[in-house]
Structure formats: C-alpha cells, structure tokens
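The values are calculated or read from the model by the stated rules, or taken from the named source; none is laboratory data. Quick caveat: nothing in here was measured; it's all calculated off a predicted structure. All Cβ positions, even for glycine, are placed from backbone atoms using ideal geometry, and neighbour counts span all protein chains on display.
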Amino acid sequence: MIPLEYSTNLFFTTEEIEEFFHERREHFSEHYITNAKYTLESLLFHLKQRGVEKITPATISELLQLKYDKETGEFTQKTLKRTSLKNLLNRVVTFYIWKLGDTHPFVSDLRKYIKNIKVPQIPTKHIAESTINYLIENLPPNYSFLIWLGVNTSARRSALCNMNIDDITLCKFQDLERFIHPDVFEQLLEKWADEEAAIIRRLDKYGGEYAKQEIEVPLFPNDIDKLLDYLSERLMAIELSGKKFEDEKGEFLFWNDHYKRMNPESASKYINHFCRKHGITFTIHHTRHYAIQKWYRLGMRKATIRKFSGHKSNIIDRYLDIDTQTAFSELATIQLKRDKNDEEKTA
C-alpha cells in the first residue's frame, strides 16, 4: 500500500497532462502522444467517476481495464492482453516519473507491478532462417527491408522506423580502415579492396524517456547489394508517388502506405497481419532476437554484441538459446584446441 502522506500527490489534472506532452513533443511521435494522452485522460476520467480516494498500482491497472458506456453510465470490464496492459501502464509510469521523480516510492512500486506482469515470449530458437527469408522475399519492399535491416543491425522497431537517409553513410571498404584492426583489415582488403560498404547509424532509446545512445553498425560488401537495391526502390516510390518522403525529422528511410514516415505500431500491425495470414509466428522485435543469436553462434563475444545491440548488461543472455548442434560444436572445438595444445607439449 502507498503511505497516506503520498496519496494526495498521486492525483493529477488535465493541465498537467497537457504540460507533460508539450515538454516532450520533440521526444515522442505524434501517434504515441495521441495514444498516451488518451490513456491518461481515460484514467483521470475513471478516477473522478469512481470516486477513488487512494491510488495504488493495482487501482490503476483495474481502471485501465474499464470501459464506460455513456448511454447507461455504467462501467464494464475490458479484456486486455497482458502485453496491451503493460504498454498502458508504461505510459502511466512515464508520466509519474515526470510528476513525482524517478525515485518516488509510488514510481518504484508501479515499476515493480509492471515487471510482475509476465508476457509470454516466443523463444528465438523457433524463428528459423527460412522464416526470415520468406518474409524478406514476400513482403513489400519497405517492410521487407525493415526485416532485413533489423536482422543485420539488431535495431529496435522504433529505431528502425525513425531512421533517416542521412543515417546511412555509403563508402568504400578501404574507408573503414580506421575502424578495423590492421591485421584483420589487411586480410579483408585483398577480398574487398574496391568494394562498397556502409555505416548504419541509429538512435537507440532504452530504459527511460531520455536514456539514449547512438549506435553504429557496419555493412560490409557482401551485404551492400540489398541496401543499394532498397535505396533504388525508395527513389522509384518517390517518383511514382510524387511525394518528398520527408517530415520535420528529416528524409525518412521507411514509408507507409500513405507515403509518410512508417509508424512503429502500424508496422507491427501490418507484419503481424501478414504473418497470421501465412501461418507464421513472428513479430518485428524477433529480428533483434535473431540478430543477437546469429552473432553469438558465429562466435561474436558478448561484449561486442552489447556494443551493437545497445544492451547495458547481460540481459542478452535471455536471447541466447543454444541448440544441441551449437553446444556440441563448441565442445568439439574446445577438444580440438586441447588436443593441439597436448601435441605441442609432447613434441
């Protein structure tokens, strides 16, 4: 229960909602602001109508799952999936962080409450390479490349949709020399001397409203054709539509069916609908899981994976479901190294 002395601080007004989003209009998309404002205004309405005297995390959860009938003046229970409820509560906790501060006891209790809502996750091992390839081959170009880029950069859904054209730097492979250790660069230079490469930048937001970092991931010559093909598709779409593919944030990389910047939630709905229609279990976020697991299986160190994925801790361990083949292969490799060391000692 929340201490009585904090109770009066937990109620809020319409003016505070407006002030909150006015200050953050540069940090949130218009779509997010519209939905989040509706969530908070609905919560405020239910608090007033129900005559709530004391707010707790459980109270907020209960009120968010109510539906008000204007004709009858009655409240009915809505059936919300745990994922949806968690999203609504995250919008509320973001507001309370602004109102009360990150260290307030109620904010801590609300975060704990949200954390205890268990959302079922699809294990990464169920996402086969054939599934990824099928999606890339059969989705429209803008959604297909969204999947491909997610798989190759581990970018979050929101980071992908917010990318602009100037977040891509095309270059020659030799221009990457300052980023690569000399011994590795010399080996690759023989293969890719005059080939094209690229650096993909993204702004990764995590763990809080202002927690963000810029992440760079290289695309090497063996992957560059897919990027160049997509940029050509984008130019063709601009010519056919007569649109500029530009908004206040810049020239966007991904567009929707209305030739505006692709919205993360709309992108998810489109791809989820496509997957259900074709009997596929998949979400955009699974591209991130797949990328992390693919890098790990190819021998990338966890520290390097964290560098590219943006994770700040060993939370990546939850993505690393090791199958029997990988486990046996690693043990066989260790055995070979041990046998080689033994031979060198006896030689």
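Scan (1) free of Cβ contacts under 8 Å to residues at least 60 places away in the same chain; (2) assigned to a helix (DSSP H, G or I); (3) under 30 Å from K115 (Cβ atoms) for the single condition A267 breaks and write down its number.
With (1) free of Cβ contacts under 8 Å to residues at least 60 places away in the same chain; (2) assigned to a helix (DSSP H, G or I); (3) under 30 Å from K115 (Cβ atoms) applied to A267, the lone miss is (1).
Quick one: count up the residues across segment 133-143 that are within 17 Å of H289 (Cα to Cα) and free of Cβ contacts under 8 Å to residues at least 24 places away in the same chain.
So the answer is 2.
If you scan segment 136-162, which residues turn out to be more than 19 Å from M236 (Cβ to Cβ) and not polar (S, T, N, Q)?
Result: I147, G150, V151, A155, R156, R157, A159, L160, C161.
State all residues of segment 240-270 that are out of contact with any strand residue (DSSP E or B) (no Cβ under 6 Å at 6 or more places or on another chain) and at positive phi; if no residue qualifies, say none.
Selection gives G242, Y259.
Just to be sure, is T83 assigned to a helix (DSSP H, G or I) and crowded, with 17+ Cβ neighbours inside 10 Å?
For T83, the condition - assigned to a helix (DSSP H, G or I) and crowded, with 17+ Cβ neighbours inside 10 Å - is not met.
Kindly provide the set of residues from segment 211-264 that are touching a residue at least 40 places away in the same chain (Cβ under 8 Å), acidic (D, E) and more than 18 Å from E30 (Cα to Cα), ordered by number.
Listed by number, the residues that qualify are D223, E233.
Output the residues belonging to segment 146-165 that are touching an Asp or Glu at 6+ places or on another chain (Cβ under 8 Å) and either on the phi > 0 side of the Ramachandran plot or of a type outside the set (D, E, K, R) (or both).
The answer is N152, A155, A159, N164, I165.
Quick check on this structure: which one of F75, F106 is at pLDDT 85 or above and either part of a loop (DSSP other than H, G, I, E, B) or farther than 24 Å from R297 by Cβ (or both)?
Being at pLDDT 85 or above and either part of a loop (DSSP other than H, G, I, E, B) or farther than 24 Å from R297 by Cβ (or both) holds for just one of F75, F106, which is F106.
Being more than 21 Å from V107 (Cα to Cα), part of a helix (DSSP H, G or I) and at pLDDT below 75 is the filter here; which residues of segment 4-31 pass it?
Matches in segment 4-31: E30, H31.
Determine if segment 71-92 includes at least one residue that is closer than 16 Å to F11 by Cβ and of a type in the set (A, V, I, L, M, F, W, C).
Checking segment 71-92: at least one residue is closer than 16 Å to F11 by Cβ and of a type in the set (A, V, I, L, M, F, W, C).
State all residues of segment 235-264 that are assigned to a strand (DSSP E or B) and farther than 18 Å from I136 by Cβ; if no residue qualifies, say none.
E246, D247, G250, E251, F252, R261
Of everything in segment 48-72, what is modelled with pLDDT of 85 or more and assigned to a helix (DSSP H, G or I)? Give them in sequence order.
Residues satisfying the conditions are P57, A58, T59, I60, S61, E62, L63, L64.
Being of a type outside the set (F, W, Y), farther than 18 Å from I97 by Cα and either assigned by TED's automatic domain parsing to the domain that holds Q213 or more than 29 Å from the chain's Cα centre (by Cα) (or both) is the filter here, so list the residues in segment 12-58 that pass it.
H46, L47, K48, Q49, R50, G51, V52, E53, K54
Answer yes if at least one residue in segment 89-105 is closer than 27 Å to R24 by Cβ, surrounded by fewer than 13 Cβ atoms within 10 Å (Cβ to Cβ) and hydroxyl-bearing (S, T, Y), and no otherwise.
yes
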